[in-house]
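*Asks:* One structure follows; several queries about it will come next.
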Amino acid sequence: MIEGVRVKPLRMIPDERGRLMELLRADDEIFIKFGQVYMTTVYPGVVKAWHYHKKQYDNFVAIRGMIKLVLYDAREDSPTRGEINEFFIGDWNPQLVQIPPGVYHGFKCISETEAIVINIPTEVYNYAQPDEYRLDPHKGGIPYDWARKDG
């Protein structure tokens, strides 16, 4: 696994009224600090990638549908430089994946319906100077093919 990436399995608690799932708690070992919470969606087959942050950690949870979350370690000083990690998270595998600064990441919806993703970054989004550095998802120089692997 890429240095600094952490995964928290999530527990679904159902009852006759519905379901509850805690995503991140201040007393979790994985918790660093709170910046904000936001939701994003992705349509089936669509890729939202690549970007990284210099300051913030991201904490991704897919709360509806399934996504393939992919990480690429481009950090010069990392012992896992050049490593790629794939996580299949969402309805059938509820997990929180924590992504450290400097690690490129992106995701693709692999379910038949729109996926809903919650992110709990450690920093507040700065509209004037975003901590976001982007590459093209298909031609950005990261050695990864977003196509489905049927092998």
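Please treat every number below as a calculation from the coordinates, not as lab data. Everything numeric here is computed off the predicted structure, so don't read it as measured data. With ideal geometry, Cβ positions are generated from the backbone for all residues, glycine too; neighbour counts draw on all protein chains shown.
*Asks:* Mind checking which of 129, 98, 36 has the largest fluctuation in a GNM of the chain, springs on alpha carbons under 10 Å?
*Replies:* Its mean-square fluctuation being the largest, the pick is 129.
*Asks:* Also, quick follow-up: Mean separation of Cα pairs under 8 Å and 6+ residues apart, divided by the residue count of the range 1-125: what relative contact order is that in percent?
*Replies:* 41 percent
*Asks:* Now, a different point. Could you count how many Lys pairs in the chain have their Cα atoms under 27 Å apart, skipping same-chain pairs fewer than 8 positions apart?
*Replies:* Step by step, the pairs that qualify in the chain add up to 28.
*Asks:* Per the Kirkwood treatment, what hydrodynamic radius in Å, one decimal, follows for the range 26-142 from the mean inverse distance over all distinct Cα pairs?
*Replies:* 14.6 Å
*Asks:* In whole angstrom, how far apart do the alpha carbon centroids of the range 43-82 and the range 119-139 sit?
*Replies:* If you average the Cα positions of each part, the centres end up 11 Å apart.
*Asks:* Looking at the chain, identify the longest residue range that excludes and avoids all GluC sites (Glu not before Pro) in DSSP loops having at most 10 other Cβ atoms within 10 Å.
*Replies:* 30-75
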